[in-house]
């Protein structure tokens, strides 16, 4: 069996450009959406999206069955 030389790790792994954050249980998957501060901060503070939020810019995750 041939052995392959591995390159030594030279530092921390860079952060990916895109990341999906989610929580999974036996019956659900909750996916978290990030927003720009001018949208996310007022939404968190007031419990609703500000006028700057555009519904047509939303991304939907479609489940496979």
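The values are calculated or read from the model by the stated rules, or taken from the named source; none is laboratory data. Since the structure is predicted, the reported quantities are computational estimates derived from the model, not experimental observations. Here the Cβ is made from the backbone with ideal geometry for all residues, glycine too, and neighbour counts use every protein chain on show.
Tabulated data
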{"item": "Matching residues, the stretch 1-23, being under 10 Å from the mean Cα position of the chain (by Cα) and either modelled with pLDDT of 85 or more or not in a loop (DSSP other than H, G, I, E, B) (or both)", "result": "21, 22"}
{"item": "Enumeration of residues in the stretch 24-43 that are loosely packed, with under 10 Cβ neighbours inside 10 Å and modelled with pLDDT of 90 or more", "result": "24, 25, 26, 27, 37"}
